[in-house]
Amino acid sequence: MRAAPEAVESVGGALLEQGMPVEEVRSILDADDPAVVRRHLELHRERLAERLEERLRTVDRMERLLLERTEAHPRVENTSINVAANSSGRLEKPPWSPGKGTGSIPSSAARARALRAGT
């Protein structure tokens, strides 16, 4: 029993999304020999594993850099609002306009896009 053409197309699309070269996807989709399909898929699995390992190493390097920076220059953040009077006896202005919203907080997807764009 042969797979439906729609199923084969979706497999081809999924392989392309995973980064399999177009020529290999065509070879798999046109193959009549199961050994050819298995060989290309095994090669694809190996490449995916290598990419994952490289990405994990990159995350490890980024973590080390970030931790070195934070350990070398620890930053103490004060999240409480100081409503005490300053030395002149007046209250300090808050960092936002009273009665107005502080704006929207970007979604994690927007932050990720901004990071990828370098902004």
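The values are calculated or read from the model by the stated rules, or taken from the named source; none is laboratory data. Fair warning: this is a prediction, and the values are worked out from it, not measured in the lab. Positions of Cβ are backbone-derived with ideal geometry, glycine not excepted, and every protein chain shown enters the neighbour counts.
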Being exposed (fewer than 10 other Cβ atoms within 10 Å of the Cβ), touching a strand residue (DSSP E or B) at 6+ places or on another chain (Cβ under 7 Å) and at pLDDT below 95 narrows V76, V83 down to just V83
**Asked** Hey, does region 13-23 have a residue that's modelled with pLDDT of 95 or more, of a type outside the set (S, T, Y) and more than 26 Å from the chain's Cα centre (by Cα)?
**Response** yes
Hey, T58 part of a helix (DSSP H, G or I), of a type in the set (S, T, N, Q) and either modelled with pLDDT under 95 or touching a strand residue (DSSP E or B) at 6+ places or on another chain (Cβ under 9 Å) (or both) or not = no
